[in-house]
Amino acid sequence: MALAILADETRAQDAGGIGRLYDAVADVSARPLPSVKALASMCDGDVVCAGEALASSLGPHARLERITHPSTDSIRGVETRPSVEVSGENGRRVIRLGRFGRKAVWELREALQGAHETVIIDLRANRGGDFDRMLRVAGIFCGSVENAVRLVGENIERWFSIPGEKELHGRRKLQVWIGEQTASSAEVLAALLKLHAGAKLSGEKTFGKNVLLREVAVAHEWRLLVPSGRLEIEGIVLEGGLTPDESL
């Protein structure tokens with residue numbers, strides 16, 4: 001989106017808004033950024049224009065995007081829309097995990113109740129989402145795992161652990177279905193289940209998005225998604241997409 005167009009959208013009173021935006025981005029990214037003075041001069045105090053300029057300096061994964069504020073009805077719909085759909089027969093339970101919603105962990109626990117020899121987690125339509133919530137989902141199958149995922153960026157290294165206790169009985173077989181639309185946190189989940197829960201990955205190669213994005217508020221209707229590093233799992237190749245063990 002052109003800077004001239006953005007300049008018509010939101011205009012700050014002074015460079016203070018740009019300074020706050022700069023500090024928020026610098027907190028989550030170690031990449032070189034244009035100075036506050038340069039941003040203020042370029043954008044004439046327009047904080048959204050500054051957000052676009054910062055996005056350009058942060059690499060191909062960064063983006064400035066407009067926020068569509070939901071109505072009360074749509075908020076209720078999101079809150080009530082389940083993350084999990086369950087099907088299956090003959091000792092096989094298929095759990096379609098389409099998103100990492102607010103109740104995803106509780107819904108998965110409910111879905112795992114009962115006797116079944118094989119559990120299938122279908123991630124083919126899951127394009128990712130809340131990273132911390134994904135780790136709690138992983139804990140249902142993997143149990144607590146220290147330093148399971150590493151975040152690596154410019155001058156940054158951070159480890160994430162999987163919390164929780166394993167709730168999938170050891171005698172059950174675990175299979176994960178993946179595909180082209182499986183992306184971001186869903187790809188990481190599939191890799192963690194393969195490595196720490198003995199899951200077999202079936203389907204097609206995944207999207208290949210192993211960059212962790214942090215959200216920075218720009219203005220009421222705009223936010224900046226800032227790459228804070230790439231995600232790595234020892235022994236698993238995430239970059240370029242996760243390769244299945246077998247096709248479906």
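Things to note:
- Selection within segment 160-182: residues that are out of contact with any helix residue (DSSP H, G or I) (no Cβ under 8 Å at 6 or more places or on another chain) and modelled with pLDDT of 95 or more. The member of this set that is farthest from Pro227 (Cα to Cα) is Gln175.
- From Arg223, Arg214, residue being open to solvent by 50 Å² or more (accessible area, probe 1.4 Å), more than 18 Å from Ile121 (Cβ to Cβ), in a strand (DSSP E or B) and modelled with pLDDT of 90 or more: Arg223
- The one condition from (1) over 19 Å from Asn126 (Cα atoms); (2) open to solvent by 80 Å² or more (accessible area, probe 1.4 Å); (3) of a type in the set (A, V, I, L, M, F, W, C) that Ile233 does not meet is (2).
- In the set (1) under 23 Å from Glu246 (Cα atoms); (2) in contact with a strand residue (DSSP E or B) (Cβ under 7 Å, 6 or more places away or on another chain), Leu151 fails one condition alone, (1).
- Tally of residues being part of a loop (DSSP other than H, G, I, E, B) and either open to solvent by less than 70 Å² (accessible area, probe 1.4 Å) or not aliphatic (A, V, I, L, M) (or both) across segment 112-170: 25
- Counted residues, segment 171-206 - those being among the small types (Gly, Ala, Ser) and assigned to a loop (DSSP other than H, G, I, E, B): 6
- When segment 184-211 is filtered for residues that are more than 30 Å from Gly19 (Cβ to Cβ), within 15 Å of the chain's Cα centre (by Cα) and surrounded by fewer than 21 Cβ atoms within 10 Å (Cβ to Cβ), the ones remaining, listed by number, are Phe207, Gly208.
- Odd one out for Arg96 among (1) without any contact (Cβ under 8 Å) to a residue 40 or more places away in the chain; (2) more than 25 Å from Val226 (Cβ to Cβ); (3) crowded, with 22+ Cβ neighbours inside 10 Å: (3)
- Considered as a group, the residues in segment 181-208 that are of a type outside the set (S, T, N, Q) and out of contact with any strand residue (DSSP E or B) (no Cβ under 9 Å at 6 or more places or on another chain) include one that is farthest from Ile120 (Cα to Cα), and that residue is Gly208.
- Residue list for segment 75-130, filter: in contact with a Pro (Cβ under 8 Å, 6 or more places away or on another chain) and modelled with pLDDT under 90: Val78
- Helices (runs of 4 or more DSSP H) completely within segment 1-67 that count 2 or more residues being closer than 30 Å to Asn210 by Cα and at pLDDT below 90: 3-7, 16-28
The values are calculated or read from the model by the stated rules, or taken from the named source; none is laboratory data. Note that the structure is a prediction, hence the values are computed from the model and not measured. Neighbour counts run over all protein chains shown; Cβ positions are idealised from the backbone, glycine included. Surface areas here come from the heavy atoms of the whole protein model, side chains and all, with no ligands, DNA or RNA. Shrake-Rupley method; radii C 1.70, N 1.55, O 1.52, S 1.80 Å.
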